[in-house]
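Asks: Sharing a structure with you now.
The values are calculated or read from the model by the stated rules, or taken from the named source; none is laboratory data. Note that the coordinates shown come from a computational prediction; the quantities given were computed from them, not determined experimentally. Neighbour counts run over all protein chains shown; Cβ positions are idealised from the backbone, glycine included.
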Amino acid sequence: MNFDLTTISNEMPDFENHDQARQWFNEQFQERFSLVNSDIVNGKKVYYYHIIKDQSTYQQYMESFAKAGEHQITNFETFESYSTVEINEEGDISLSL
């Protein structure tokens, strides 16, 4: 799945909260949009999602974390298999790679 983060950024509306943003991304990317973590940053809850571009490579990468031992990444392709979306509780968005 190829997509351009600039195009996504330009096409997405302004969101009032996390739920609105999550719903929009779910509609756009369906099963390729996956929650991976959340944290408190500067007093605000931030949710970290992945938009999965290459399901096979991404699945191998994520499964490697389920195994005990050292995790070796041998090429950059792993990081090209997804993009990260950060959504805070106020609906602010940050997109990366």
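Asks: Collect the residues in segment 1-20 that are assigned to a loop (DSSP other than H, G, I, E, B), in contact (Cβ under 8 Å) with a residue 12 or more places away in the chain and either over 18 Å from Glu31 (Cα atoms) or touching a Cys at 6+ places or on another chain (Cβ under 6 Å) (or both), keeping them in residue-number order.
Replies: Met12, Asp14, Phe15, Glu16, Asn17
Asks: In segment 44-59, how many are polar (S, T, N, Q) and surrounded by 15 or more Cβ atoms within 10 Å (Cβ to Cβ)?
Replies: The qualifying residues number 1.
Asks: Ok, one more. Does His50 satisfy the condition of being out of contact with any Pro (no Cβ under 8 Å at 6 or more places or on another chain), modelled with pLDDT under 95 and of a type outside the set (A, V, I, L, M)?
Replies: No; evaluated as a whole, the condition is false for this residue.
Asks: Right, something else. If you scan segment 27-43, which residues turn out to be surrounded by 14 or more Cβ atoms within 10 Å (Cβ to Cβ) and part of a helix (DSSP H, G or I)?
Replies: Answer for segment 27-43, where residues must be surrounded by 14 or more Cβ atoms within 10 Å (Cβ to Cβ) and part of a helix (DSSP H, G or I): Gln28, Phe29, Arg32.
Asks: Within segment 1-26, how many residues are under 14 Å from the mean Cα position of the chain (by Cα), farther than 22 Å from Glu80 by Cβ and loosely packed, with under 15 Cβ neighbours inside 10 Å?
Replies: 2
Asks: Which residues, counting only those in segment 69-86, are at pLDDT below 85 and outside any loop (DSSP other than H, G, I, E, B)?
Replies: Phe76, Glu77, Thr78, Phe79 - these are the residues of segment 69-86 that are at pLDDT below 85 and outside any loop (DSSP other than H, G, I, E, B).
Asks: A further question follows. Cβ-Cβ distance below 9 Å, separation of 6 or more or different chains: which pairs start in segment 79-96 with a residue that is more than 24 Å from Tyr58 (Cβ to Cβ) and among the acidic types (Asp, Glu) and end on one that is modelled with pLDDT of 95 or more and outside any strand (DSSP E or B)?
Replies: Correct list of pairs: Glu89/Asn17; Glu89/His18; Glu90/Phe15; Glu90/Glu16; Glu90/Asn17; Glu90/His18; Asp92/Phe15; Asp92/Ala21.
Asks: Glu63 is checked against (1) loosely packed, with under 10 Cβ neighbours inside 10 Å; (2) modelled with pLDDT of 95 or more and fails just one. What number does that condition carry?
Replies: With (1) loosely packed, with under 10 Cβ neighbours inside 10 Å; (2) modelled with pLDDT of 95 or more applied to Glu63, the lone miss is (2).
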